[in-house]
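Visitor: Dumping the structure here so I can ask a few things about it.
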Amino acid sequence: MASWLPETLFEIVGQGPAPSKDYYQLLVTRSEIIFRWWKISLRSEYRSSKPGETKETHEDFLENSHLQIQIALIFGARILDYVFNMCEGKFDFLERLSDDLLLYIISYLDLEDIARLSQTSRRFAKLCTSDILWEQIVQSSCDTITSDMRALAKDIGWRHMFFTNKLQLQRQLRKRKQMHESLGENQLF
C-alpha cells in the first residue's frame, strides 16, 4: 500500500434499513476495516446493549462474506465494491488529489475533454464549471485582462465570459462602463 496515503482511507456512517434506527460506521484504514454499530431501540431487551465493533485486516475482510453482506445492506453495493477495491490495493488516486491540483491539471485539457470530464462525477462537474478553472483558462488565452474585464467576469462568470465572442464582450464592457458612469453622474446631483 502506498506510504503517502493517510491512515484513514475511507469513512462512512449511516442508519440501518427501515424500520431499524440502528447507527453504523465503516472505517477503512491502511491496514484494517473497522465496522461499528449502535443499537437504537425503545424495546427493553435492547436498551442495555452496548455499541459493538469488528476489526478485520484487509485480507480477512476479503474472506468474510457475512461482514460484506452487512455492509452491502447498510451502505449499498457501490460502497462494498469501493471498499473491496481498496482492500485489494486498487485506489482511485485522482479522487485523492486536492481540488487546486485537479484544477491546475484540468486547465491544460482541451474544451471537449473538459466537457467529457465534467460528466464523470459530481466532483468533476463542480470543478469543470468552477470560476477558478475558467479564470485560469481565460488568462491563458488572453494577452491582458483589464480591471473592466475582471469586473464583468465577476458579474457574469468567467466561463460565460470565455464563451462570449469578442464583439459581444466589447459591447457588454461598453454598456457596463456607461451604466457606471451614469450612476456616478446621478450620485452627484
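The values are calculated or read from the model by the stated rules, or taken from the named source; none is laboratory data. Small disclaimer: the values here were computed from a predicted structure and weren't measured. Here Cβ is always computed from backbone atoms with ideal geometry, including for glycine, and neighbour counts include all displayed protein chains. We work out accessible area using only protein heavy atoms, side chains counted, and drop any ligands, DNA or RNA first. Shrake-Rupley method; radii C 1.70, N 1.55, O 1.52, S 1.80 Å.
Visitor: Could you rank E32, E7 by how accessible they are, 1.4 Å probe, largest area first?
Guide: Listed by decreasing accessible area, they come as E7, E32.
Visitor: What lysines does K177 reach when the alpha-carbon gap must be under 24 Å and sequence neighbours fewer than 8 apart in one chain are set aside?
Guide: K154, K166
Visitor: Straight-line reach from K39: which lysines have a Cα under 24 Å away, not including same-chain ones fewer than 8 places off?
Guide: The qualifying lysines are K21, K50, K55.
Visitor: Then there's this: Report, in debye and to the nearest 20, how large the dipole of the chain comes out about its Cα centre when Lys and Arg carry +1 and Asp and Glu carry -1 on their Cβ.
Guide: In total the dipole reaches around 880 debye.
Visitor: Taking only protein heavy atoms into account and a 1.4 Å probe, give the accessible area per residue of segment 75-117 in Å².
Guide: Heavy-atom accessible area per residue stands at 65 Å².
Visitor: At a 1.4 Å probe radius, carbon and sulfur cover how many percent of the accessible area of the chain?
Guide: That share works out to 53 percent.
Visitor: Go ahead and estimate [θ] at 222 nm for the chain from helices alone: -39,500 (n - 2.57) per DSSP H run with n ≥ 4, summed, over the residue count, rounded to 500.
Guide: It comes out at -16000 deg cm²/dmol, rounded to the nearest 500.
Visitor: Still on this model: Of the labelled options (1) -0.33, -0.40, -0.77, -1.24; (2) -0.59, -0.66, -0.88, -1.16; (3) -0.41, -0.49, -0.81, -1.13, which one gives log10 I(q)/I(0) by the Debye sum over Cα atoms at q = 0.09, 0.10, 0.14, 0.18 Å⁻¹ as computed for this structure?
Guide: Given (1) -0.33, -0.40, -0.77, -1.24; (2) -0.59, -0.66, -0.88, -1.16; (3) -0.41, -0.49, -0.81, -1.13, the structure-derived one carries the label (2).
Visitor: Let me ask something else about it. What's the local net charge at C128, with K and R +1, D and E -1, over the other residues with C-beta under 13 Å away?
Guide: Value of the local net charge: 0.
Visitor: Then there is this: Specify the angular offset, from 0 to 90 degrees and rounded to the nearest 10, of the alpha carbon long axis of helix 77-87 from the longest principal axis of the alpha carbons in the chain.
Guide: 80 degrees
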